[in-house]
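One structure is given below, encoded as structure tokens.
The values are calculated or read from the model by the stated rules, or taken from the named source; none is laboratory data. Every value quoted in this text rests on a predicted model; they were computed, and no experiment measured them. Because the Cβ atoms are built from the backbone with ideal geometry, glycine has one as well, and the counts that use them run over all protein chains shown.
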Amino acid sequence: MGNRNAKVILKKDIKRRVFNGHPWVYDNEIEKIEGNFEDGDIVLVYTFANQFFGIGYINTKSKITVRLLSRKPVEINREFLKNRILQAIRNRYSITKENAYRVIFGEADGLPGLIVDKFNEYLTVQFNTLGMNKLKNLILDILIEIFSPAGIFERTEGSSVKKEGLEEFSGWIYGSGPELIPFEINGIKFLADTKGQKTGAFLDQRENARKLREFAHDKICLDCFSYTGNFGMHLLSGGAKHVTFVDYSERAIEVAKEIAKLNGFDKDRTDFVVANAFDYLKSSYEKSKKYDIVVLDPPSFAKSASSRDAAFKGYKEINYRSMKLLKSEGLLATASCTQVVSQSEFESILVDAAIDAKVLLRLIYRGGQPVDHPQVYNILETMYLKFLILQVSPINN
Ligand code: SAH
């Protein structure tokens, strides 16, 4: 970290984005770099006019060459990082009273590259950039001081990690804990799978699933792209008559079964299916199956603007098929976590699908990200989750 930081000088006429609070400096926005540095080091950023602009970390292997940590001439030390983490916790308001929540959401909390989820007395962390990885020991020390966790599990994996030139890593880095970490959301027992996806469980649908539960009583439901069954468990806890869980990950479905057992949900109220959801929706229609509630929570369909068309097509298909599977006045709970597809684009895809399916869509609920996945307007990349509950009925009713 030292105090002889290299100096990154911005080009003269760059977009306003970075001046308006966005932390990313792209390689093509840099005029020159003065001084020595290694990738992952802390650097100082100056404007073209040689005015101090901010401090951040650098990685020339990434198109996002600098990620800013502060716009003040501070030192990036333990005190700075601790204040950032405490600020993130304050920004979560009352959600911190809950048993599980996202403690740090990267850029949205002024800590680019860092993800921290709390599951009961455990934390799972991701260091997704080289620069944040270099701060790992300081961050762990602070998290241990604040939370006194029983264990911290690190899950640094995925395509972005490789892009950063980082080694993938997964394992307990402080204390230890079970492979499946028990936690609770909305009074339902869950398990975060340390060998599963991302940090083990998705915490971003907590409010949407709680809302959907209000409509569950006596309903026949289908939870597609269920992962370990978040939505379906909410439906069961709300009194659903039956839920079919569909995911193509065998492991996710096994963990979902465990979770249903933990909550004491009767076996004949559930079916667990390992299948491609696209195929499952199609064959269910061919078999004339009907549901009161269909949930769609697929993974991101496009990582960049270039694959948006494919994403549109995917959304249209699964939503169209689900509309066809619903009983009259059934509910479609449909989500999109593709950041490059906007709210209004997502809604127009649904309208397109409804036209083809010849149904009326009545908006029952429009949800999004909870406060532990903060959405910063200045950093569009932090806004990704769209969620709607739509009542679906035939046009010629
Ligand atoms: N609804 C879940 C999160 C779903 S994440 C929750 O709230 O926790 C998306 C899931 O879709 C993952 O579990 C992944 O395994 C699954 N998946 C991705 N593509 C699929 C496909 N074509 N068919 C079935 N499942 C798929």
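At-a-glance table
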| read-out | value |
| --- | --- |
| Pairs with Cβ under 6 Å, 6+ apart, first in segment 274-289 and in contact (Cβ under 8 Å) with a residue 12 or more places away in the chain, second within 13 Å of the ligand (Cβ to nearest atom) and outside any helix (DSSP H, G or I) | ALA275/VAL246; ASN276/TYR248; ALA277/CYS224; ALA277/PHE225; ALA277/VAL246; TYR280/VAL246 |
| For PRO182: the one exception among (1) within 16 Å of the ligand (Cβ to nearest atom); (2) crowded, with 22+ Cβ neighbours inside 10 Å; (3) in contact (Cβ under 8 Å) with a residue 60 or more places away in the chain | (2) |
| So LYS118, is it without any contact (Cβ under 8 Å) to a residue 40 or more places away in the chain and either among the small types (Gly, Ala, Ser) or in a strand (DSSP E or B) (or both) | yes |
| Residue count for segment 78-112, restricted to those that are touching a Leu at 6+ places or on another chain (Cβ under 8 Å) and of a type in the set (Gly, Ala, Ser) | 4 |
| In segment 192-208, the residues that are in a loop (DSSP other than H, G, I, E, B), more than 10 Å from the ligand (Cβ to nearest atom) and either more than 20 Å from GLU258 (Cα to Cα) or not β-branched (Val, Ile, Thr) (or both) | LYS195, GLY200 |
| Those residues of segment 142-158 which are in a strand (DSSP E or B) and surrounded by 19 or more Cβ atoms within 10 Å (Cβ to Cβ), in sequence order | ILE152, PHE153, GLU154, ARG155, THR156 |
| Residues of segment 48-64 classified as surrounded by fewer than 17 Cβ atoms within 10 Å (Cβ to Cβ), free of Cβ contacts under 8 Å to residues at least 40 places away in the same chain and more than 27 Å from the chain's Cα centre (by Cα), total | 4 |
| Flag for ILE318 being crowded, with 21+ Cβ neighbours inside 10 Å, assigned to a helix (DSSP H, G or I) and touching a Phe, Trp or Tyr at 6+ places or on another chain (Cβ under 7 Å) | yes |
| Which numbered condition PRO112 fails, given (1) assigned to a loop (DSSP other than H, G, I, E, B); (2) touching a residue at least 60 places away in the same chain (Cβ under 8 Å); (3) in contact with an Asp or Glu (Cβ under 7 Å, 6 or more places away or on another chain) | (3) |
| Verdict on VAL18 being surrounded by 18 or more Cβ atoms within 10 Å (Cβ to Cβ), more than 22 Å from GLY165 (Cβ to Cβ) and touching a strand residue (DSSP E or B) at 6+ places or on another chain (Cβ under 7 Å) | yes |
| Hey, THR124 within 16 Å of the ligand (Cβ to nearest atom), polar (S, T, N, Q) and outside any loop (DSSP other than H, G, I, E, B) or not | yes |
| Selection status of ARG155, more than 12 Å from the ligand (Cβ to nearest atom), basic (Lys, Arg) and under 26 Å from LYS289 (Cβ atoms) | no |
| Selection from segment 115-163 of residues that are of a type in the set (Phe, Trp, Tyr) and closer than 20 Å to LEU69 by Cβ | PHE127 |
| Failed criterion for TYR174 (all others in (1) free of Cβ contacts under 8 Å to residues at least 60 places away in the same chain; (2) of a type outside the set (A, V, I, L, M); (3) within 16 Å of the ligand (Cβ to nearest atom); (4) outside any loop (DSSP other than H, G, I, E, B) hold) | (3) |
| Sole exception among (1) more than 25 Å from the chain's Cα centre (by Cα); (2) of a type in the set (D, E, K, R); (3) more than 27 Å from ALA240 (Cβ to Cβ) for LYS313, by number | (1) |
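Every residue, every condition in (1) modelled with pLDDT of 95 or more; (2) closer than 27 Å to ALA252 by Cβ, yes or no:
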site	(1), (2)
ILE95	yes, yes
LEU111	yes, no
ASN120	yes, yes
LEU130	yes, no
LEU140	yes, no
GLU154	yes, yes
LYS162	no, yes
